[in-house]
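Worksheet: one structure, shown below.
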Amino acid sequence: MSDPTAIEAKIGVLEAEMARTQKNKATNYHLGTLKAKIAKLKSELINGPGGKSAGSKDAGRGFDVSKSGDTRIGLVGFPSVGKSTLLTSLTGTRSEAAAYEFTTLTCIPGTMKYKGARIQVLDLPGIIEGAAGGRGRGRQVISTASSCNLILIVLDAAKPVTHKKIIESELFGFGIRVNQTAPKIKIVKKDAGGLGYQEAVPQTKGMNAEVCRLICKEYKISCAEIILRQDVTTDQFIDVIEGNRSYIPCLYVFNKIDAITIEELDILDQMPNYVPISSTLKWNLDELMEEVWDRCNMIRIYTKPQGQIPDYDGPVILHAQNPSIEEFCNRLHKGIMPTFNFAWVWGKSAKHQPQRCGKEHILEDEDIVTIVKRVC
């Protein structure tokens, strides 16, 4: 295995060269190549030669916690920011909390119910600078975080900005792209024919056919059809080639607001994607859970067996915007669709109550559905 110290030294040299290089159209090609070299080295540093995916079983193994419930959220943050107290306040699960650092040394899971959904909350050990490179239990923490539907970055409201930047950097270094969506780039590798390059939209952020060719050469891709369906950066193009990035929504939870002034809170209020709380005093936890619900795109669908009343105690939780009846059926059981005939739907998505719908019908929160199968 390659020496991590040697790899870090190579990354340092390349980053220094990038810093020295002026950014203009003439240097786009050179900068693209440097970024590709750095990305490859960082992947090797984190995952070893061959670069397993950040979410794979072999790369930076996470904590052995079985996934349960409808949604999983992870609490990530520096030591002593109140993650353990927040877990206890939300779920009732006791996670040791104390005034000294590194109280939590492993992943502590808890479960709560919210709007009928069972939500698993993971209290992860405190993260430190250099976590993505293996310091502390950083790789385990970040690998487990990559398995979550939502990451809550818990910050001390008295000193949030510095910690926020460090944690974002560690997550980014491990391949987690918070509050981003996967770039619309299609890469189809071929056996022959060279590189085909198409721009479905104009590229204004540094990508062009020559930059694409140089980056692909660095990754030893000589034959492929490449289509850019949105205006992308070279970093986004490299992310797609690497193929091991996780795109996860994130909320910044500013804890201990009982220890700051109203003026300081007004300043924090200008930051996006944040919720102020006090986990000790249980302030503003309702707003936090409402934001969690929205960011996870959760909706409740109630089942109604034919001739019976709806099951309001056990809604089916879907994690999609504009989910169809087909997605609802597959969430129930993969074997439903082959015999699906139609569905009766009551609720906001139905024009009349009930409405007979096909598999393409789009459902809304708290709809009631009866599935009718074909008679063989």
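Bear in mind these aren't lab numbers, they're just calculated from the coordinates by the rules spelled out. All values reported here derive from a predicted model rather than from experimental measurement. In this analysis, Cβ positions are derived from the backbone assuming ideal geometry, glycine residues included, and neighbour counts consider all displayed protein chains.
Please compute one quarter of the surface area of the Cα convex hull for segment 298-373 and express it in square nanometres.
About 4.6 nm², averaged over all directions.
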Report summary line: Listed residues Asn208, Asn330, Asn28; largest mean-square fluctuation, Gaussian network over the chain with Cα springs below 10 Å, found at Asn330
Report summary line: Mean separation of Cα contacts under 8 Å (at least 6 apart) over the residue count of the chain, i.e. the relative contact order in percent, is 14
Query raised in the report: With the dipole of the chain worked out from charges on the C-beta (+1 for Lys and Arg, -1 for Asp and Glu) around the Cα centre, which of Leu228, Val188, Thr88 lies farthest toward the positive end?
Result: Val188
Report summary line: Computed for segment 228-376: size of charge dipole around the Cα centre, +1 on C-beta of each Lys and Arg, -1 on C-beta of each Asp and Glu, debye to nearest 20, value 1300
Query - Listed residue (Leu214, Thr111, Phe174) projecting farthest to the positive dipole end of the chain, Cβ model - result: Leu214
Query - Full-extension gain in nm, Met289 to Glu360, via 0.36 nm per residue minus C-alpha separation - result: 22.5 nm
Report summary line: Summing -39500 (n - 2.57) over every DSSP H run of at least 4 residues in the chain and dividing by its residue count gives a helix-only mean residue ellipticity at 222 nm, to the nearest 500 deg cm²/dmol, of -9000 deg cm²/dmol
Report task. For the chain, give the share of DSSP beta bridges that are antiparallel, in percent and rounded to the nearest 5; count only bridges with both residues there. Result -> 50
Query raised in the report: Which listed residue (Ile248, Ile309, Cys357) has the Cα farthest towards the positive end of the charge dipole for the chain, taking +1 on Lys and Arg C-beta and -1 on Asp and Glu C-beta about the Cα centre?
Result: Cys357
Query raised in the report: Which residues in segment 270-293 place their backbone N less than 20 Å from a point set 7 Å from the Cα of Ala320 along the Cα-to-Cβ direction?
Result: 293
Report summary line: Fewest-first ordering of Ile187, Ile277 by Cβ atoms within 10 Å yields Ile187, Ile277
Query raised in the report: Just Leu87, Leu152, Leu332 to compare: in a GNM of the chain, with alpha carbon springs under 10 Å, which one fluctuates most?
Result: Leu332
Report summary line: Simple SL model, points at 7 angstrom along Cα→Cβ for Tyr312 and Glu15; separation in nm is 5.6
Report summary line: Within the under-14-Å Cβ sphere about Ala209, not counting Ala209, Lys/Arg +1 and Asp/Glu -1 give a net charge of 0
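So if I place +1 on the C-beta of Lys and Arg and -1 on the C-beta of Asp and Glu, and nothing else carries charge, what would the dipole magnitude of the chain be about its Cα centre? I want it in debye, nearest 20.
Computed about the Cα centre, the dipole is about 1340 debye.
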Query raised in the report: Mean separation of Cα pairs under 8 Å and 6+ residues apart, divided by the residue count of segment 298-373: what relative contact order is that in percent?
Result: 37
Report summary line: Connecting every pair of Cα atoms under 10 Å apart in the chain and solving the GNM, the largest mean-square fluctuation among Gly32, Gly307, Gly175 falls on Gly307
Report summary line: Diffusion coefficient in µm²/s returned for the chain by Stokes-Einstein, Kirkwood Rh over C-alpha pairs, 4 °C and 1.567 mPa s, is 55
Report task. Just grab the label-to-label distance for Ser169 and Glu225, each label 7 Å out from Cα along the Cβ direction, in nm (one decimal). Result -> 4.2
Requested in this report: Using Cα centres only, tell me the gap between segment 319-338 and segment 290-311 in whole Å.
Outcome: 13
Query - For segment 339-376 and segment 236-250, distance of Cα centres in Å - result: 36
Requested in this report: State which stretch of the chain is the longest one without any exposed GluC sites (Glu not before Pro), exposure meaning a DSSP loop state and at most 12 other Cβ atoms within 10 Å.
Outcome: 102-359
Report summary line: segment 160-283: antiparallel bridges as % of DSSP beta bridges, rounded to 5, reads 40
